[in-house]
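Some notes on the structure that comes next.
The values are calculated or read from the model by the stated rules, or taken from the named source; none is laboratory data. The structure presented is a predicted model; accordingly, all values stated were derived computationally and were not measured. Please note: Cβ atoms are built from the backbone with ideal geometry, for glycine as well, and neighbour counts cover all protein chains shown.
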């Protein structure tokens, strides 16, 4: 009974069913459509009304898949410390590897509140194996227990530690790219700004997967997809409320990267930015790509049609053509720039 309850809760993860009609099949990939139909086949409270521990456990249950194996990679848990600050990480490496591996430092999405290494384990494995890189997954402190800027500070600490002590873990400290999905994409580019300002580390690139880049919840894609397409406007409102409750922080570029001036964006690393067609975050992600270009940052920006927010991370969607192509694009970007 409890497992059934968890499944129902997880299918509700980002959708308030009581307020939403089933998303139409107008160009949505058939596998994505079936996923949305499963989501909408249940009625219940939206994510923000669930007990925090229930919401956090739910996504991990949904991401479980007994067909996935991890025998070709190694996992090393570590705590990086600097002064009175510390951050937990999990280092993922191929078992058959070079002496020193180029490195992707990765920040997970989930509205700064949800998700964990368990939700992203398959994707981290795939990237490590397909690109033959080390992946440092940053297990940063989440909201509402902490708020901005704690997660960003921990993220920057992780990058600083790899640049100083990476060789100890088989990681090349001179070949680092930062990346992340959704809120994690926001963190990745915020950390890149912090590194630029401080002068270290030097990154070879940034990978931003359907990133949160602004606090405006009235863009065209928000108006089109605010309900019924997995991630909703109401959920994003709640994420902002618990992560950055002080409205004055919303003006900061490390909170809302679209607020950055061209001078603040200039000399950020080469960027791969991926968006999804049916995603409330689509327009702000593409606006950020445009602004980066205006600041003369080399940018590859790709919109994947027929799919929804989180399509690269969600295990139920991993066999869609969009997800497979996006993973290969990520790995190609890593190989070409590390």
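Could you please let me know if residue 298 is modelled with pLDDT of 95 or more and crowded, with 16+ Cβ neighbours inside 10 Å?
No, not satisfied.
Somewhere in segment 267-287, is a residue part of a strand (DSSP E or B), farther than 17 Å from residue 186 by Cα and over 15 Å from the mean Cα position of the chain (by Cα)?
yes
Can you name every residue in segment 40-49 that is surrounded by fewer than 17 Cβ atoms within 10 Å (Cβ to Cβ) and in contact with a helix residue (DSSP H, G or I) (Cβ under 8 Å, 6 or more places away or on another chain)?
41, 42, 43, 44
With part of a helix (DSSP H, G or I), more than 14 Å from the chain's Cα centre (by Cα) and more than 24 Å from residue 249 (Cβ to Cβ) as the only criterion, which of 66, 163 stands out?
Residue meeting the stated conditions: 163.
Can you pull out every residue in segment 141-172 that is over 10 Å from residue 191 (Cβ atoms), without any contact (Cβ under 8 Å) to a residue 60 or more places away in the chain and either in the same structural domain as residue 53 (by TED's automatic domain parsing) or touching a helix residue (DSSP H, G or I) at 6+ places or on another chain (Cβ under 6 Å) (or both)?
141
Would you check if there is a residue in segment 53-61 being in the same structural domain as residue 311 (by TED's automatic domain parsing) and out of contact with any helix residue (DSSP H, G or I) (no Cβ under 9 Å at 6 or more places or on another chain)?
no
Does residue 272 count as within 16 Å of residue 323 (Cα to Cα) and either modelled with pLDDT under 95 or surrounded by 20 or more Cβ atoms within 10 Å (Cβ to Cβ) (or both)?
Yes: the conditions hold for residue 272.
When the residues of segment 167-196 are narrowed to those that are in a helix (DSSP H, G or I) and more than 23 Å from the chain's Cα centre (by Cα), which ends up surrounded by the fewest Cβ atoms within 10 Å (Cβ to Cβ)?
Out of the qualifying residues, it is 168.
Identify all residues within segment 82-105 that are over 20 Å from residue 330 (Cβ atoms) and in a loop (DSSP other than H, G, I, E, B); write none if there are none.
Scanning segment 82-105 gives 83, 84, 95, 96, 99, 100.
How many residues, within segment 106-154, are within 24 Å of residue 57 (Cβ to Cβ) and in a helix (DSSP H, G or I)?
Here the count works out to 13.
Across segment 15-37, what is the number of residues that are surrounded by fewer than 21 Cβ atoms within 10 Å (Cβ to Cβ), modelled with pLDDT under 85 and either within 24 Å of the chain's Cα centre (by Cα) or assigned to a helix (DSSP H, G or I) (or both)?
4
In segment 319-329, what residues are in contact (Cβ under 8 Å) with a residue 60 or more places away in the chain and within 15 Å of the chain's Cα centre (by Cα)?
Those that are in contact (Cβ under 8 Å) with a residue 60 or more places away in the chain and within 15 Å of the chain's Cα centre (by Cα): 326, 327.
Count, please, the residues in segment 317-338 that happen to be in a helix (DSSP H, G or I) and farther than 12 Å from residue 123 by Cα.
Counting residues in segment 317-338 that are in a helix (DSSP H, G or I) and farther than 12 Å from residue 123 by Cα gives 10.
Output yes when any residue across segment 197-213 is surrounded by 17 or more Cβ atoms within 10 Å (Cβ to Cβ) and in a helix (DSSP H, G or I), and no when none is.
Checked segment 197-213: no residue is surrounded by 17 or more Cβ atoms within 10 Å (Cβ to Cβ) and in a helix (DSSP H, G or I).
Since residue 224 meets every condition but one in (1) under 19 Å from the mean Cα position of the chain (by Cα); (2) assigned to a helix (DSSP H, G or I); (3) within 25 Å of residue 49 (Cβ to Cβ), which condition does it not meet?
The one condition residue 224 does not meet is (1).
Of the conditions (1) within 25 Å of residue 145 (Cβ to Cβ); (2) in a loop (DSSP other than H, G, I, E, B), residue 79 satisfies every one except a single condition; which number is it?
Going through the list (1) within 25 Å of residue 145 (Cβ to Cβ); (2) in a loop (DSSP other than H, G, I, E, B), residue 79 breaks only (2).
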